[in-house]
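Everything on this sheet refers to the single structure shown next.
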Amino acid sequence: MRFPVPGPRSLAGQLFAMQAVLIAVVVAGYALFTYVSDRGQAEEAAERQATAVTRSVADSPSVREAIRTADPSAGLQPYALAVVRDTDVDFVTVMDPRGIRWTHPDPDQIGLTFQGNTAPALQGRTFTETYTGTLGPSVRAVTPILDGDRIVGLVSAGIRVDVISRRAQGQLTALLAVAAGALGLGAIGTYVINARLRRHTHGMNAAELSHMHDYHQAALHAVREGLLMLDGQYRVALINDGGRELLGVNRDEDGEDVVGRSVASLDLPAPLTGALLASEPRVDEVHLTADRVLVVNTSPVTGGQRRGSVVTLRDVTELQSLTGELDSERGFTQALRSQAHEAANRLHTVVSLIELGRAEEAVDFATAELELAQALTDQVVAAVSEPVLAALLLGKTAQANERGVELLVSPDSRLDDGLLPDSLPARDLVTILGNLIDNAVDAAQGGVRPRVTVTALTGDGGSVLVLRVSDTGPGVDPDHAEAVFRRGFSTKPSGPDGRGLGLALVRQAVARHGGTLSVTSGDSGDGGGAVFEARLPLGEASDTRVTRVAGGAG
């Protein structure tokens, strides 16, 4: 028959056993010390009591008178027994200077020699000793009986050692009862504390807690998502490697770690700092840092009071770029669908003209349509031969036409293929120019002469790429000039998630490449509106600057 092997005791159980043993050892040690101390005190008390009795007997006049008689025992024996009875000593022995007893609790011992030391008393001194006599071991005192200057006898009084031991044992019994009560209270208190500890540790032992800590650390360093834990004072209590990377924080200028610092001191963008400091939960909020788009979730940790919050960070920079490209592709698809519909109408027109026998007019109609489409392509490619931007402008032109807005490429545009360095990826150009055009089309749509003009050229001797987009919209309220590039800002009615993110992404992309971004008022003679201009260095990145000038934008 196999018996189950008990598993390792939980940490709370180990602490309870250790504390119980510790309390027992302390109580037992204290009891032993107290017993020894009480035994010594009892012996000292017995010595004092015996000394007092012997001196009282030695000073008694009746004792000296009995000694002068022919039979001292006849008067001293009853007196000694009375003293023993009244003073709680075990014996009082009166003897002559030679040590011959005149009194004794056992009458048969009268006339025999006293067993013990008498020399110090014969010298006139009172002394005490522990000696084994006819009654067993006893603590005794011996003192001389003086008649003038002459020693006429000796008195010894004592208490048996076993009586002293019984007194000490009685005190020890009471002490042990108190110690047992203390041990019981200590055990109950220890059990209550460890029961609470067991709840907090979920009954796990030290090895299991150690393993959990190891897994906890491994998980923190393994996940790519950022994890940030804040205490009740909004200080960083824990941050994993992903969180450090996504927030761009590691150590400050003095080399101190961010753990223990307040969130407000991490130099994060104001909206992101506000989200981290918020007391209410945040779910899937999109925030921008210098070079990332982050989805932030916060959840407070509560337990009767606010103890802090847990923050998760997810990098959606690539996803946001892909979403932008997907939106562009969707727009291109819608434009192509519309153009296909228009092409079908035109084709039906051509077929109908041929069926009516008017072939020459059908050829003229088709040629005119082809020349118009080719002219647009030739205009864009001639001005901007960089393939990515040219394709973007052609697609945005079709999208703008679908929304009733005329999109023009400025005659000043000149951007040849091969001028853009590898440090300026096409995806960032699509983000910058595409969002500026979308913003301008939104602003111009619904106007009297809705128009958007795009200029793309190089400046400053070819060291800077200039992307300029102007519109004929209502412009930007001067009060909004500071907020127009902020994530979430929009003058449009509330719509789907993501509104107000376009210009923020533009600013992020421009800042990432060390460029400048500005907004100025449009030409009143050309319909007003706003002019957004992004300047991107084509060589070494310069310091990031974002300039906002009130007076335009849609």
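A few remarks follow.
- Residues being over 30 Å from residue 431 (Cα atoms) and not hydrophobic (A, V, I, L, M, F, W, C) - total across region 258-278: 4
- When region 279-295 is filtered for residues that are among the polar types (S, T, N, Q) and under 17 Å from residue 431 (Cα atoms), only 289 remains.
- Hits in region 85-118 (condition: of a type in the set (D, E, K, R) and open to solvent by 30 Å² or more (accessible area, probe 1.4 Å)): 85, 86, 88, 90, 98, 106, 108
- Filtered residue count, region 125-152, keeping only those that are assigned to a loop (DSSP other than H, G, I, E, B) and open to solvent by 50 Å² or more (accessible area, probe 1.4 Å): 5
- Test for residue 403: is it of a type in the set (Lys, Arg) and either under 20 Å from residue 533 (Cβ atoms) or at pLDDT 80 or above (or both): yes
- Scope region 211-232; condition open to solvent by less than 20 Å² (accessible area, probe 1.4 Å) and modelled with pLDDT under 75; matching residues: 220
- With respect to the conditions (1) open to solvent by 50 Å² or more (accessible area, probe 1.4 Å); (2) under 28 Å from residue 385 (Cα atoms); (3) modelled with pLDDT under 80, residue 460 falls short on a single one, namely (3).
- Looking at 74, 82, 70, 52, just one residue is surrounded by fewer than 22 Cβ atoms within 10 Å (Cβ to Cβ) and not in a helix (DSSP H, G or I), and that residue is 70.
- If you check 468, 499, 449 for being charged (D, E, K, R), modelled with pLDDT of 80 or more and either part of a loop (DSSP other than H, G, I, E, B) or open to solvent by 70 Å² or more (accessible area, probe 1.4 Å) (or both), only one passes: 468.
Conditions (1) in a helix (DSSP H, G or I); (2) among the small types (Gly, Ala, Ser); (3) in contact with a helix residue (DSSP H, G or I) (Cβ under 6 Å, 6 or more places away or on another chain), marked per residue:
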| residue | (1), (2), (3) |
| --- | --- |
| 397 | yes, no, no |
| 407 | no, no, yes |
| 435 | yes, no, yes |
| 440 | yes, yes, no |
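- Selection within region 85-101 - touching a strand residue (DSSP E or B) at 6+ places or on another chain (Cβ under 7 Å) and either in contact (Cβ under 8 Å) with a residue 60 or more places away in the chain or part of a helix (DSSP H, G or I) (or both): 89, 90, 91, 92, 93, 94, 95
- Test: residue in region 332-345 that is over 27 Å from residue 445 (Cα atoms), at pLDDT below 75 and either open to solvent by 60 Å² or more (accessible area, probe 1.4 Å) or not small (Gly, Ala, Ser) (or both): no
- Verdict on residue 235 being closer than 19 Å to residue 294 by Cα, at pLDDT 80 or above and not aromatic (Phe, Trp, Tyr): no
- The residue that is most open to solvent (accessible area, probe 1.4 Å), among those in region 242-266 that are of a type in the set (D, E, K, R) and at pLDDT below 80, is 253.
The values are calculated or read from the model by the stated rules, or taken from the named source; none is laboratory data. The structure displayed is predicted, hence computed values, not measured ones. Here Cβ is always computed from backbone atoms with ideal geometry, including for glycine, and neighbour counts include all displayed protein chains. Remember, those area values only see protein heavy atoms, side chains included, never the ligands or the DNA or RNA. Shrake-Rupley method; radii C 1.70, N 1.55, O 1.52, S 1.80 Å.
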